[in-house]
Each structure stands twice: as structure tokens, then as C-alpha cells.
Amino acid sequence: MLKTTSSLPLTPGASVNGFNKIHALLVALLVLALALPLYITSPSHQNLAILILMAAQIGVSWNIVGGYAGQVSLGHVAFYGIGAYTSAILFSIYGVNPWFAMIVGGVIAALVSLVIGWSCFRLKGHYFAMATIAVAEIIQIVFTNWDFAGAAVGLTIPMGEGGWANMIFAGKEPYYYIALGLLLITLLANFIIERSFLGYYFRAIKDEPDAARSLGVSLSRYKQIAFAVSSFFTAMGGSLYAQKELYIDPASVLGTGMSIKMALVAILGGIGTLFGPLVGAGLLTAIEEGTRTMFGGSGRGTDLIIYAALIIVIAVYYPNGILGYLKSTFARRKAVKAQAENAAKEESK
């Protein structure tokens, strides 16, 4: 089994203090998130918060395969659309409970990912990324021409009896808490993976695939696992989108722009980090909604131009994302401070 060790061991007291500070901050942020709708009562502002949470959730989902395992999927919107369409069809046509339909959508997406991964994981690097784009385009064409799924017109989820049972609400606040809950569940899954043997294997596949293979790690098997888990949670995010909007069509849940956004959320915030996608989601959603407010219909595509510029800036100046940049900056400052303290001690002797 692959093991990693820290190059900068901490003393027990420092470790405990760091542990307490980090977890106190996380608890404070969670309390703030839970209390936010009580203080922000404007529907538009609540909707912005929901969009940020939903973007963060799909970014965290993508990060499992793209960040930890290093398999850059640019066709992940296929699973988002599968989740959305599964939930919409099961609820609107067959009357299946949307909570159960959300899980079914995730399972179907995971099964589809196994089929896709079986062929696509034979490719490496940019060839794999191009293959996932092609698969997503094929799935979009299928749904665009599938009359049972509404074809290009899309599907409308009927406004039946409201309440938590049908996940239909008049206000935004319940959707906020559902989106927050789904994000927390996805973060918990990432946390467990990150600290389990799967996390070690995924990072080994990403950083040193030949070394991992020589130690007996099955690259194809663990890539498939990462792809399936990521697809499952991505599909659940698509199901939530369908229930929130009560209408979906191929352009809204299977567009290539959504795939780019999933990847960029994680890359901008800090690829391969637990909370990086949250930072990226906040920034990108603010850009997206800001350009929509400023330019309206005349500014269609402005957000994509900004996305492209961000990709260039990140690739050139901040390859580790915002959190990665902050971590390296703090590490340098800590090293400089420690060096200065050691120098002062030497002079005092």
C-alpha cells in the first residue's frame, strides 16, 4: 500500500492547536451558512446563494476524478444531464418520489460512467479529455432527438402538491437548505476519500502512475471508481437543478459550458483540495450573475470570455488555484519567520 509522510512534522501541541483552530473556523462557517437565510430574506439574494452552493457541489463532485485522480473530464455534464432527466422523467411521468428519483439518477449515471470509462480510460491526457467531450455531445444529441424525454422542447415538472415530500416550494429558503445539505454530503464523501486508501491511490495515479502500477495498483480499476463516485454526485446535483427549476432541456443541463464550469470551479479554487471548489464557485457564480445583470441578453457569452481569461491566468500564474497560492504564501512566510527566529537564537548564544 502506498503511504505518504509529511516533510514538516509538527509537535503534538502545535498539531492540536492547529486542529482546534481549523475546526473552530469550519464550525463557525457552518453556523453562518445555516443562519444565512434568516438574515438574507431577498429572493434574488437567496437564489444567488443557492446557485453558489449548487456550483460548489458539482465542482466538489468533479474534483474527485479531475482533482484527486487527475483525469480531466470535460464531458462531465453528461452525468449532470442524466441525473436531471432521470429525476424529471420519474417524477413527472411515473410519479416517483423526487428524493428517491435523485438517488436513482445518481446510480444510473454511475453505471453509465462505467461503460464510458471502460473505453475512454484507454486514452491518456488530452485524448481522454477530448473523448469525454465527444461522449457528452453524443448524449446531448440523443436527448435532443428523444421524443419521450421531450426532445429539444424539454420537460416541465408539474406543479403538484407542494412541500418537502415532493420537493416543491413556493419560496427559495427550502431549496437553499437542500443545496447546502447536498454540498455537505458531497464534501463528507470527499473528506472520507481523501483520508482513505482510495485517496492515496488516486493521488498516486495522478502523480506517479508508473510507480503506482509497479506497486500493484490497478490504474483502470481505481480510475473507474473515481469516475463512478464523481458521476453519482454530479447526477444528484443535476436532479436538484431539475427540481428547483421545474423545467429542463438539453441546452440547460447538457451544454458544454456547464462542463467547463464544473472543471473551472475546482481548478480556480484549488484542484485536488477539499474546499477549493467552494472558493471557485463563489467567484465564478458572482461573475456569471454579475455579467447577466450588467449586460442582460446583449452580453450572452460574456461569462465564457471571462472563464477563458481566468483559465489563461490560472495556468500561467496560479497553477495550484487560489487555495494553493494562499497555502504556498503562508508556508513561505512561516519558513521565513522560523528562519529569522533561528537566526535570532543563534545570535543570542
Could you give me the residue pairs with C-beta distances under 8 Å whose first residue belongs to segment 231-245 and is closer than 15 Å to LEU114 by Cβ, whose second residue is of a type outside the set (Asp, Glu) and not in a helix (DSSP H, G or I) wherever it lies, and which are 6+ apart or on separate chains? SER231/HIS76; THR234/HIS76
Meets criteria (within 18 Å of ASN63 (Cβ to Cβ), without any contact (Cβ under 8 Å) to a residue 12 or more places away in the chain and among the basic types (Lys, Arg)) for ARG213: no
With the condition being in contact with a Gly (Cβ under 6 Å, 6 or more places away or on another chain) and aliphatic (A, V, I, L, M), I'd like the helices (runs of 4 or more DSSP H) fully within segment 113-230 carrying at least 2 qualifying residues. 126-144
Restricting to segment 255-294, what's the tally of residues that are without any contact (Cβ under 8 Å) to a residue 24 or more places away in the chain and buried (at least 24 other Cβ atoms within 10 Å of the Cβ)? 0
State all residues of segment 108-130 that are touching a residue at least 24 places away in the same chain (Cβ under 8 Å) and either touching a helix residue (DSSP H, G or I) at 6+ places or on another chain (Cβ under 7 Å) or of a type in the set (D, E, K, R) (or both); if no residue qualifies, say none. ILE108, ALA109, ALA110, VAL112, SER113, LEU114, ILE116, GLY117, PHE121, PHE128
Would you confirm, using the coordinates I've provided, whether ALA263 is part of a helix (DSSP H, G or I), at pLDDT 75 or above and within 16 Å of ALA55 (Cα to Cα)? yes
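Residue-wise test of (1) β-branched (Val, Ile, Thr); (2) over 28 Å from ILE205 (Cβ atoms).
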position: VAL72; (1), (2): yes, no
position: TYR85; (1), (2): no, yes
position: ILE89; (1), (2): yes, yes
position: TYR94; (1), (2): no, yes
position: GLY105; (1), (2): no, no
Please work out which residue is surrounded by the fewest Cβ atoms within 10 Å (Cβ to Cβ), limiting yourself to segment 152-183 and to residues that are under 21 Å from the mean Cα position of the chain (by Cα) and touching a residue at least 24 places away in the same chain (Cβ under 8 Å). TYR177
For segment 110-145 the number of residues that are at negative phi and loosely packed, with under 15 Cβ neighbours inside 10 Å is 16
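The values are calculated or read from the model by the stated rules, or taken from the named source; none is laboratory data. Keep in mind it's a predicted model, so treat the numbers as computed, not measured. When we count neighbours, we look across all protein chains shown, and the Cβ atoms used for this are built from the backbone with ideal geometry, even at glycine.
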